Amino acid sequence: MKRSHHRSAATIVIFLSIVGSAYAQEAMPREYVMNTFAGTQVINTHSVEVVPRKRSFGFMIQHRFGAFGMEEQALKQFLGLDLPANIRFAFQYAPIKNAHVEIGRSKNGKTWDLGAKGRVLRQTEEDEMPVSLTVLGSVALMSDDFPAISDREFFSDGATPFAYRFEHRLSYNCQVILARRFSPHFSMQLAPIITYRNLVPIGGSNLTAAIALSARWKVTTKGSVLFEVSPIVEGRQPEDHLEPFALGYEIATQGHVFQIVLCSGQEIIEQRVYASPASRYDEGYVHLGFNIARTLYVKPKVPRP
């Protein structure tokens, strides 16, 4: 009988040890993968990252110069710097953890944009969660004057005389960003993107859908090579379509990201990047530009005793 009691006690101790060990492992906080990308933008495409701390701010300048090619005029135009350029300023704020709101203003179209971005899933070091997932939505308002129209232009029904409305200034963008950091040096992301414009040229498509593929390769402690290409699956340009692409070199430090980039177009926000024709990069014409991002961290509030 004594042996039976001893065996029962030993069994209970072993069982409680296993359960306690499993509970302790479950209770341990997950270690999340950091810096899949250095900032909230890859180049033109939003990255999977958000402003990293609650109540912190972000500020961004994105600049794209005119198109230049491999010809004598390229030097005279100083690689497109002498040509008309597009620029966007943007401010970001994180009201809660793992999400931020953003407001920006672009030169082309005198366009204002307002968006929100939030994490849904985050990759862990032990691969309990193998990928990160972020969602994004935005609306843009074109504030420039509408182009002149004649009295012979009509709505799509062919009978109602065309007249501009306020909603014609609006366009929309939504996307899901799926990313993975494969190693400390290499990250990739895939982002299905849908944009909708209320006003398009005759023969144009209101709806544009693209699949943006982006990659980052760290070549030094602070430097990385960036690449993105965005095949258009709906709303392609009717003639001689070229897929939007961008290539860049990035220098990232704590709170600062600087990129020098080559892009297939001058547009910056999604509603215009994917709906506008790309420059003839197959003939050597590209746009030089840069992105500058600064994150202003705010210390978390200390609970009062």
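The values are calculated or read from the model by the stated rules, or taken from the named source; none is laboratory data. These figures come from a predicted structure and were not determined experimentally. Reconstructed Cβ throughout: ideal geometry from the backbone, glycine too, with neighbour counts over all protein chains shown.
Structure notes:
- Criterion (touching a strand residue (DSSP E or B) at 6+ places or on another chain (Cβ under 8 Å) and in contact (Cβ under 8 Å) with a residue 60 or more places away in the chain) met by exactly one of E234, E243, E250: E250
- Residue check for S205: buried (at least 16 other Cβ atoms within 10 Å of the Cβ), hydroxyl-bearing (S, T, Y) and not in a strand (DSSP E or B): yes
- Checklist (1) closer than 25 Å to K299 by Cα; (2) among the charged types (D, E, K, R); (3) part of a loop (DSSP other than H, G, I, E, B) applied to E126, failing item: (1)
- Meeting the requirement of 2 or more residues that are buried (at least 16 other Cβ atoms within 10 Å of the Cβ), the strands (runs of 3 or more DSSP E) wholly within segment 226-305 are 245-253, 256-263, 286-296.
- Taking residues in segment 63-90 that are modelled with pLDDT under 85, and partners anywhere that are part of a loop (DSSP other than H, G, I, E, B), the pairs with Cβ atoms closer than 7 Å and at least 6 places apart or on different chains are M70/G284; Q77/L83.
- Annotation note: Cβ proximity below 7 Å between a residue of segment 107-128 that is more than 30 Å from F65 (Cβ to Cβ) and a residue that is surrounded by 17 or more Cβ atoms within 10 Å (Cβ to Cβ) and of a type in the set (D, E) (sequence gap 6+ or interchain) occurs for no pair.
- The set of residues from segment 171-211 being β-branched (V, I, T) and over 26 Å from L226 (Cβ atoms) comprises V200, I202.
- Residues (in contact with a Gly (Cβ under 9 Å, 6 or more places away or on another chain), farther than 30 Å from L190 by Cβ and either exposed (fewer than 10 other Cβ atoms within 10 Å of the Cβ) or of a type in the set (S, T, N, Q) (or both)) located in segment 123-163: S143
- Scanning segment 93-122 for residues that are of a type in the set (K, R) and assigned to a strand (DSSP E or B), we see that the one that is surrounded by the most Cβ atoms within 10 Å (Cβ to Cβ) is K117.
- Residue match in segment 138-151 (condition: of a type in the set (V, I, T), touching a residue at least 12 places away in the same chain (Cβ under 8 Å) and in the same structural domain as H63 (by TED's automatic domain parsing)): yes
- Segment 151-166, residues that are hydrophobic (A, V, I, L, M, F, W, C) and assigned to a loop (DSSP other than H, G, I, E, B): F155, A159, F162, A163
- Of all residues assigned to segment 195-203, none qualifies as being free of Cβ contacts under 8 Å to residues at least 24 places away in the same chain, in contact with a strand residue (DSSP E or B) (Cβ under 8 Å, 6 or more places away or on another chain) and assigned by TED's automatic domain parsing to the domain that holds V48.
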